[in-house]
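The block underneath contains the structure these notes are about, expressed in structure tokens.
The values are calculated or read from the model by the stated rules, or taken from the named source; none is laboratory data. In this text, all values refer to a predicted model and were calculated from it rather than measured experimentally. Don't worry about glycine lacking a Cβ; one is built from the backbone with ideal geometry, like all the others, and counts go over all protein chains shown.
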Amino acid sequence: MDLSLSKRVFRFAPSPNGALHLGHAFSAILNHDLAQACGGRFLLRIEDVDTTRSRPEFEEAIYRDLAWLGLSWETPVRRQSEHLAGYAEALERLIARGLVYPAFLSRGEVKSIAKTHSLDGGNWPCDPDGALLYPEQERELDPAVARRWIAEGRKHAWRLNMSRATQEAGPLLSWEEEGKGPEGQTGKIAADPGQWGDVVLSRSDAPGSYHLAVTLDDWAQGVTDVVRGQDLFHATSVHRLLQVLLGLPAPRYRHHGLVLGPDGRKLSKSNGDTGLASSRERGFSPADVRALLAGVG
């Protein structure tokens, strides 16, 4: 896809697992306004692939909050739960190429292994979000044993073999950053997916992980501009890797500043005081919300 010639497509993609807050409002408004400014398209996507946390009432609240802000979007809205077969097909392609393997360790087991390692004087590596990396030695599990465990119904996830995947993708993986990263990074960014370790691409409660689903969704919807918070800046490395492995085009990326709470931390859906519905109930207008967000980078 030649992004210079195509009509630009922006999207806002919330998860229906809680109420939208001011941080969501900023991202939605920014995407909507950028699309309008260039005569492009603005899409809404409901990222409900995590069936254990997604709720219909939260999805309905998303529509109400965005409409109250004065935003409009194309219909029908893409819902991830309606496209699980596509995620499964892409996963099977990666499995067939030996790039993905079944992983049986629970988070508790990984934590125990890391603790033992630290007692021996080592520091167990973590990903950019602070989560413990999955033990690399688990890649070498006997395939016959793995097949037997799967047949027995043992709970497992499918993880990307990061070593094989990055080797196949090559060393020149990068993206063009039109915004900035948490440390002011901009321009051509060298991707470093290895810092995430063997990321999950599928698990029993989420047939397509965030990384796999968002990569496929953006391609399927023809998204040309991914505009999202700086908290997802480092995750772009994984998305660029998956795009290369699956033969998908790279969109433009723009990571914006985050709306922070009084404690200086990123807003959470559990913080009702910053919720859009709460703001509306306290007499705020859409113009008031825009004014509150005017200083966000």
Among the residues listed as ARG8, ARG64, ARG78, the single one being of a type outside the set (Asp, Glu), within 16 Å of the chain's Cα centre (by Cα) and modelled with pLDDT of 95 or more: ARG78
Can you tell me how many residues in the range 199-236 are in contact with an Asp or Glu (Cβ under 6 Å, 6 or more places away or on another chain) and either assigned to a helix (DSSP H, G or I) or free of Cβ contacts under 8 Å to residues at least 24 places away in the same chain (or both)? 0
Given the conditions (1) surrounded by 11 or more Cβ atoms within 10 Å (Cβ to Cβ); (2) among the small types (Gly, Ala, Ser); (3) without any contact (Cβ under 8 Å) to a residue 40 or more places away in the chain; (4) not in a helix (DSSP H, G or I), which single one is not true for GLY130? (1)
I'd like the residue in the range 274-297 that is small (Gly, Ala, Ser) and assigned to a helix (DSSP H, G or I) and, out of all such residues, is surrounded by the most Cβ atoms within 10 Å (Cβ to Cβ). SER279
Candidate set: the range 19-41, residues that are surrounded by 20 or more Cβ atoms within 10 Å (Cβ to Cβ) and in contact with a Ser or Thr (Cβ under 9 Å, 6 or more places away or on another chain); chosen: the one farthest from ALA67 (Cα to Cα): GLY23
Residue identified as touching a Lys or Arg at 6+ places or on another chain (Cβ under 8 Å) and part of a helix (DSSP H, G or I) among SER118, SER163: SER163
Given (1) among the small types (Gly, Ala, Ser); (2) in contact (Cβ under 8 Å) with a residue 40 or more places away in the chain; (3) touching a strand residue (DSSP E or B) at 6+ places or on another chain (Cβ under 7 Å), GLY187 misses just (2)
I need the full set of residues from the range 63-86 which are out of contact with any strand residue (DSSP E or B) (no Cβ under 7 Å at 6 or more places or on another chain) and among the β-branched types (Val, Ile, Thr), in order please. THR75
Which count do you get for residues in the range 198-227 that are surrounded by fewer than 20 Cβ atoms within 10 Å (Cβ to Cβ) and of a type in the set (Gly, Ala, Ser)? 3
From the residues in the range 26-75 that are touching a Leu at 6+ places or on another chain (Cβ under 6 Å) and not in a helix (DSSP H, G or I), which one is farthest from VAL259 (Cα to Cα)? GLU74
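Residues in the range 77-95: is at least one without any contact (Cβ under 8 Å) to a residue 24 or more places away in the chain, in a loop (DSSP other than H, G, I, E, B) and over 30 Å from LEU260 (Cα atoms)? Even if it seems obvious, please write down each step before you answer.
Within the range 77-95, the first condition is being without any contact (Cβ under 8 Å) to a residue 24 or more places away in the chain, and the residues that meet it are 82, 85, 89, 92.
With in a loop (DSSP other than H, G, I, E, B) added as a condition, the list becomes none.
No, every residue in the range 77-95 fails to be without any contact (Cβ under 8 Å) to a residue 24 or more places away in the chain, in a loop (DSSP other than H, G, I, E, B) and over 30 Å from LEU260 (Cα atoms).
Just one of HIS239, HIS255 is in a strand (DSSP E or B) and either modelled with pLDDT of 90 or more or among the β-branched types (Val, Ile, Thr) (or both); which is it?
On the way: HIS239 fails: in a strand (DSSP E or B).
None of the others qualify; the one that does is HIS255.
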